[in-house]
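Okay, structure first, notes after.
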Amino acid sequence: MLNVQFFPSKRIAFYMAKLFVLRSLAVLAALVTILMTLDLLGESGKILRYPGNGDAQLWQYVSLRIPQLVARFLPFSVLLGTLITLAALNQNSEIISMKAAGISAHQIVAPLMLASLVIAGGTFIFQERVVTRATATLRAWEAVDYGPIPRESGIHNNVWVRSGDDLIFAAIVSGRGQGTRLRQVRLYDRAGGTLQTLITADRARPQGEGWLLENVRRFDLRTTRAEQLPSLLAARGVDPTQFTLAKVDPNEQDLPTLRDSIHQMKVAGRATNPLEAGLWHKISGPLSAVLMPLLAGVAAFGLARTGRLFLRAVLGMALGFAYFVADNFALAMGNLGAYPPLLAAWAPFFLFLLIGETVLIRTEE
């Protein structure tokens, strides 16, 4: 009798999903622990170099970096968790027993895909609520060399703006409109492409048609004369939106905020294709976890005693890593404007969905 149910029995589905989730979380915990340790060893010297920093700042860095590592390596963990789960079930002849009971290949993989869908939903919420804020805070902290983090919201760091021949750099940009504030500002006054004067200031804010720079140091390259000024009105005609829209990073903004930034950039007449690709990738990225059981499902089938179980596991791993390569390549092409945003975000997902389905059908017997 043909079994047309999508899932096996509840007991088998729960058993497989439990094995899969526990192994994926164990792999994720191991990866994050190792990578966090290596990363902290490389950054601890920079953090402790700032006067007054100590153990509290090191733990603060760990708390901001771990969400990034979890979001980045969760799909890898799901891939490895699937391979470990299916290879163990195959090795112990449990897959053979399921197939002898009339359970198809798709029914064997289905509980894992359902669990992956739940993981993908949790990943999306985690990225929107935690990872974006941690990324923005960490980059703002790095911009001030791990010193005191500004309390303003809407922080951008290392922003360059061009006004005619002049170049303006701000290490930290916060606020919007007339409430925009700049910190660690450098203004390169140029004429015909030649630098004439270098102006640095601790802070800057809009005033009238220009910007009021505070605690200014000006160096004239023509006369080699340096002077200190309490304030200076400069950068006339530079709109605050040039700073707030100059550097929009999809990794630092949640979905509604990023959509609003894209709208503002469209109104300003700027290209938004890279940001639109990043917006769609906020959805397709977490969904990549759903593909991993399908791509790694090849490890579940075939007799373990034939000696090909290891080769099947390698094939499943190769398919999974090939997806990540294709996804990063498509996203890079989207950022360059070579691919439309929808194609850059979704083409690898649907391509490997078809590949995984084809491989699963061809290797079922």
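The values are calculated or read from the model by the stated rules, or taken from the named source; none is laboratory data. Bear in mind that the values here come from a model prediction, so they are computed numbers and not experimental data. Every residue, glycine among them, receives a Cβ derived from its backbone with ideal geometry; neighbour counts consider all protein chains shown.
A few notes on this one:
- Qualifying residue in the stretch 104-112 (condition: modelled with pLDDT of 85 or more, out of contact with any Phe, Trp or Tyr (no Cβ under 9 Å at 6 or more places or on another chain) and under 30 Å from Leu360 (Cβ atoms)): yes
- Checked against the criteria, Leu255 does not count as aliphatic (A, V, I, L, M), assigned by TED's automatic domain parsing to the domain that holds Asp166 and either touching a residue at least 12 places away in the same chain (Cβ under 8 Å) or touching a strand residue (DSSP E or B) at 6+ places or on another chain (Cβ under 8 Å) (or both).
- 3 or more residues under 27 Å from the mean Cα position of the chain (by Cα) and under 22 Å from Leu295 (Cβ atoms): qualifying helices (runs of 4 or more DSSP H) within the stretch 1-120: 10-49, 55-91
- Exclusive hit being in contact with a Pro (Cβ under 6 Å, 6 or more places away or on another chain), under 19 Å from Gly334 (Cα atoms), at pLDDT 85 or above and of a type outside the set (Phe, Trp, Tyr), set Ala277, Ala289: Ala277
- All positions within the stretch 216-239 that are in a strand (DSSP E or B) and surrounded by fewer than 15 Cβ atoms within 10 Å (Cβ to Cβ): Phe219, Asp220, Arg225, Ala226, Glu227, Gln228, Leu229, Pro230, Ser231, Leu233
- Subset of the stretch 327-365 (residues that are in contact with a Phe, Trp or Tyr (Cβ under 7 Å, 6 or more places away or on another chain) and surrounded by 14 or more Cβ atoms within 10 Å (Cβ to Cβ)): Ala330, Met333, Pro341, Ala345, Trp346, Pro348, Phe352, Thr363, Glu364
- Taking every residue in the stretch 15-33 that is closer than 14 Å to Leu112 by Cβ and in contact (Cβ under 8 Å) with a residue 40 or more places away in the chain and pairing it with any residue that is not small (Gly, Ala, Ser) and not in a helix (DSSP H, G or I), at least 6 positions away or on another chain, the pairs with Cβ-Cβ distances below 9 Å are Met16/Pro8.
- Among residues of the stretch 160-201, those that are in a strand (DSSP E or B), under 18 Å from Leu233 (Cβ atoms) and either of a type in the set (Ser, Thr, Tyr) or not assigned by TED's automatic domain parsing to the domain that holds Pro240 (or both), counted: 4
- Filter pass, Gln68 being assigned by TED's automatic domain parsing to the domain that holds Thr358, more than 24 Å from Arg133 (Cα to Cα) and surrounded by 13 or more Cβ atoms within 10 Å (Cβ to Cβ): no
- Under the condition of being surrounded by 18 or more Cβ atoms within 10 Å (Cβ to Cβ) and at positive phi, the residues counted in the stretch 156-183 number 1.
- When restricted to residues that are buried (at least 17 other Cβ atoms within 10 Å of the Cβ) and free of Cβ contacts under 8 Å to residues at least 24 places away in the same chain, the stretch 34-59 contains 0.
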